[in-house]
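Engineer: Pasting in a structure now, in structure tokens, and then I'll have a few things to ask.
No lab work stands behind these numbers, since they all come straight from the coordinates. Treat the numbers as computed from the prediction; the structure is a model and nothing was measured. Note that we place each Cβ from the backbone using ideal geometry, even for glycine, and neighbour counts take in every protein chain shown.
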Amino acid sequence: MPEKIRWGILSTARINRSLIPPIRQSERSELVAVASRNLEKAQAYAQQWEIPVAYGSYEALLADPTIDAVYISLPNSLHCEWTVKAAAAGKHVLCEKPLVPTLAELDQIEAAAKANGVTVFEAFMYLHHPQTRALQTLVRDGKVGKVQLINSWFSFYLPPEQSSNIRLNPELAGGSLWDVGVYPNSMVIALLGAAPVEVWAQQTIGETGVEVTLIGQMRFADGAAAQIASSFRMPFRWGTEIIGDAGILTVPSPWKPGADGTATHVIFTPRDGEPETLTFPAINPYLCEVQAMEACILDGAAPVVPLSMSRDFLRSVLALYQSAESGKLVKL
């Protein structure tokens, strides 16, 4: 068992810049390699980010026996192929969200992880942060009483003239729900501990054929409801509210708590009484997910986001899309 996890990165995507510093910050991780389909591009990227080894193909990086874990930041449509290949090469995998766009692909990943004895989990960094873990505990322990409604949203403006943006590419699983909507969708499920039993959604289709706004409503077996929103046609906004019969938890910064180096706050407003501010330390959520992978590999810990949870996330997203396309209520 290594003392440090040696990481490789598949692709030179922009999102890498969020994970590279945390890998270097963590005492039990080391970044050793990056791969691109073009060697010159990989070498330039490795020089820019001071990464020791550059590979001109993803296969070459996976063939490196010194690499323990890989971070996959490829387009959504390539996640399954390269997660399965990484698992077959004996590598643990942190894969960007959404893990996959179909249940058949998730079946393949689960089978590959089990067959090769590796950890694979979806990179929902915020789910690893102390703020979110505390919210789960507060809800479970009845801080707000019986949950009646959760509102959760994430949007930003992506101009129509940027139609070549990967987020708008229908062949690469583009769309606002797949891109930013997976955050509120996963938050609701993580807080309530289960997938919804039925959903209804409406969508706005953009110039490339993918939805640019999706508004969804979800009902859960215990009677709780949730409303989620994602959009490329609204100004930047994010947040979450958890409303129970005893009070409300308001989360102003749910998705990247602590990433800017400042503490975050959650407001608890009881039904009767004065508001209370809960403060959480300025811990980078990307560091939290790196440390979660370390714990899985080095300590035998269970993933914070197991594949069973990712299955619930995916089932919900697919049902929301089905409802938005059909205009009908969809039962899971």
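Engineer: Test of understanding: in a Gaussian network model of the chain with alpha carbons linked when under 10 Å, which of Arg133, Arg17, Arg315 would top the mean-square fluctuation ranking?
Structural biologist: Among Arg133, Arg17, Arg315, the largest GNM mean-square fluctuation belongs to Arg17.
Engineer: Students often get this wrong: which residues of segment 167-188 have the backbone nitrogen under 20 Å from the point 7 angstrom along Cα-to-C-beta of Asp260?
Structural biologist: Residues 180, 183-184 fall inside that zone.
Engineer: Would you list Ser152, Ser326 from fewest to most Cβ contacts within 10 Å?
Structural biologist: Working: Ser152 26, Ser326 10.
The fewest-first ordering by Cβ neighbours comes to Ser326, Ser152.
Engineer: Moving to a separate point now. Give the separation of the Cα centroids, segment 1-69 to segment 170-224, in Å.
Structural biologist: Answer, in whole Å: 32.
Engineer: Subtract the Cα-Cα distance of Thr279 and Asp222 from 0.36 nm times their separation in residues, and report this length gain in nm to one decimal.
Structural biologist: The span from Thr279 to Asp222 would gain 17.6 nm if fully extended.
Engineer: P(r) for segment 73-125, please, calculated from all Cα pair distances in 10 Å bins and given in %.
Structural biologist: Calculated over all Cα pairs of segment 73-125, the distribution is 30, 61, 9 percent.
Engineer: Measure nothing fancy, just the Cα-based angle from helix 103-116's long axis to the longest principal axis of the chain, in degrees from 0 to 90, nearest 10.
Structural biologist: It works out to around 50 degrees.
Engineer: Tabulate in residue order the Karplus-calculated ³J(HN,Hα) for segment 134-140, using 6.51 cos²θ - 1.76 cosθ + 1.60 with θ = phi - 60°, rounded to whole Hz; enter x for Gly and Pro.
Structural biologist: Values per residue, Gly and Pro as x: 5, 4, 4, 5, 4, 5, 4 Hz.
Engineer: Could you compute Rg(Cα) / (2.2 N^0.38 Å) for segment 5-123, with N its residue count?
Structural biologist: Values: Rg = 13.3 Å, N = 119, 2.2 N^0.38 = 13.5 Å.
Dividing the Cα radius of gyration by 2.2 N^0.38 Å gives 0.98.
Engineer: How far is helix 182-192 tilted off the main Cα axis of the chain, in degrees rounded to 10, range 0 to 90?
Structural biologist: 60 degrees
Engineer: Ratio of alpha-carbon Rg to the 2.2 N^0.38 Å globular estimate for the chain, to two decimals, please.
Structural biologist: 0.99
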